[in-house]
Amino acid sequence: MTETYVDAAEARTFLLGADWLTDRERAARLAEAESEIRATGAYHHTREELERGAKLAWRNHARCVGRLHWKALRVIDRREVTTAEEVFEACVEHLRTATNGGILRPVITVFAPRRPDGGEIRIWNTQLIRYAGYRLPDGTVRGDPLHIRLTETAQALGWPGPGGAFDVLPLIVRMPGERPRWFDLPADAVLEVPLTHPEFDWFAELCLRWHAVPAISDMRMEIGGVDYPACPFSGWYVGYEIGARNLADHDRYDVLPRVAARMRLDTSRDDTLWKDRALVELNRAVLHSFRRAGVHLVDHHTVTRQFVTHEAREQSSGYALSADKEWITPPLSACTTPVYRRTYTDLRARPNFYHQPAAW
């Protein structure tokens, strides 16, 4: 008998929930899949199973606050690709489809599942669009400190690295049994928004910007026991992801001291609340700039109200809601949002998305 590397019990659970099939069709499909697992160790999802499974993976992912829109996910099936060039081209097409001129669409592109021998396609970037981080001789960092190692890895592979504060990293792809390769993303696939402020003219002089599409590319998706280690997924940003984390965190771009200095705030003591005041204005700039550029993102008040709506819909449908409160609660003005006093449980429902070790 062929060694089974797909969890047959998970496959059975998933296929028994195939509510788009009649009872007779479901029984026949289950028998077919079980036979394929016995013969080959795995089974191949149909197009409809892949689409339904990907939507359920988003619906079940406890750390996502934007799941109200899970049914709108566009699933692009690229399981047939066999070369790094094809993976790169599919990722570029993903970004163009998701960007949609600023009217962002939720999209997932699914590449081949993990092979019986453990071979797998991996995208080394944490997101399809990430900014480089360069460690300078004096110990400081230009760019995003979060991506120093990925930047150094890209440079070791031959990427020149211009050395700027917002250099878009190349996409690094590794195919089974091959060395990793890097590809520069074309400019027309990377929509960026320069940041300005609705009141402070000087804000533009900070020369800050951020990319429009958050396309997570280092997680694996598991559907019915089948692992997809390369499946970039994108929706849209919540404003605080940019304004209260990426640009504000001390170990990221750390721009709050610069904003506070231009606001002439007293930064000598924490109890002047200079960090809080600068943080609010930075987030106002993000929301203002994306709105002015016609690029969709959502503020933390709106997205948490949407999540409560999603919660109510799940309860009315009898579907168990899974949520990780630490991730659902915003890092900005948390107590003013409707999720703050609510209690949630991560049910670890499947299908789902999972973190995996860095590919390098």
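The values are calculated or read from the model by the stated rules, or taken from the named source; none is laboratory data. All values reported here derive from a predicted model rather than from experimental measurement. Counting neighbours? That spans all protein chains shown, and the Cβs are built from the backbone with ideal geometry, glycine included.
Ala334 passes every criterion in (1) closer than 19 Å to Ala57 by Cα; (2) free of Cβ contacts under 8 Å to residues at least 24 places away in the same chain apart from (1). When each of Leu185, Leu206, Leu195 is tested for being within 22 Å of the chain's Cα centre (by Cα), among the aliphatic types (A, V, I, L, M), within 18 Å of Val280 (Cα to Cα) and crowded, with 18+ Cβ neighbours inside 10 Å, the lone residue that passes is Leu195.
Kindly check whether there is at least one residue in region 306-327 that is of a type in the set (Lys, Arg), surrounded by fewer than 18 Cβ atoms within 10 Å (Cβ to Cβ) and either under 19 Å from the mean Cα position of the chain (by Cα) or within 30 Å of Arg350 (Cβ to Cβ) (or both). Yes: one or more hits.
Just one of the numbered conditions (1) surrounded by 22 or more Cβ atoms within 10 Å (Cβ to Cβ); (2) farther than 29 Å from Tyr240 by Cβ; (3) out of contact with any Lys or Arg (no Cβ under 7 Å at 6 or more places or on another chain) is not true of Pro160: (1).
Looking at Asp249, Asp299, just one residue is within 21 Å of the chain's Cα centre (by Cα), of a type outside the set (Phe, Trp, Tyr) and closer than 26 Å to Tyr354 by Cβ, and that residue is Asp249. Taken across region 346-355, residues that are under 25 Å from Leu104 (Cβ atoms) and touching a Leu at 6+ places or on another chain (Cβ under 7 Å) do occur, with at least one present. Hey, does region 300-317 have a residue that's of a type in the set (Phe, Trp, Tyr) and under 26 Å from Lys55 (Cβ atoms)? Within region 300-317 (the criterion being of a type in the set (Phe, Trp, Tyr) and under 26 Å from Lys55 (Cβ atoms)), the answer is yes, since at least one residue qualifies.
Please tell me if Ala165 is surrounded by 14 or more Cβ atoms within 10 Å (Cβ to Cβ), closer than 23 Å to Leu247 by Cα, at pLDDT 95 or above and of a type in the set (Gly, Ala, Ser). For Ala165, the condition - surrounded by 14 or more Cβ atoms within 10 Å (Cβ to Cβ), closer than 23 Å to Leu247 by Cα, at pLDDT 95 or above and of a type in the set (Gly, Ala, Ser) - is met.
Can you confirm whether Ala42 is crowded, with 19+ Cβ neighbours inside 10 Å, modelled with pLDDT of 95 or more and either not β-branched (Val, Ile, Thr) or not in a loop (DSSP other than H, G, I, E, B) (or both)? Here the answer is no, as Ala42 does not meet what is asked. Scan region 60-81 and tell me whether some residue there is surrounded by 14 or more Cβ atoms within 10 Å (Cβ to Cβ), assigned to a helix (DSSP H, G or I) and of a type in the set (Gly, Ala, Ser). Among the residues of region 60-81, not one is surrounded by 14 or more Cβ atoms within 10 Å (Cβ to Cβ), assigned to a helix (DSSP H, G or I) and of a type in the set (Gly, Ala, Ser), which makes the answer no. Just a yes or no: is a residue in region 215-237 more than 26 Å from Ile148 (Cα to Cα), of a type in the set (Gly, Ala, Ser) and surrounded by fewer than 16 Cβ atoms within 10 Å (Cβ to Cβ)? No, there is no match, as no residue in region 215-237 is more than 26 Å from Ile148 (Cα to Cα), of a type in the set (Gly, Ala, Ser) and surrounded by fewer than 16 Cβ atoms within 10 Å (Cβ to Cβ). Restricting attention to region 14-37, the residues being under 23 Å from Glu80 (Cα atoms) and surrounded by fewer than 19 Cβ atoms within 10 Å (Cβ to Cβ) number 5.
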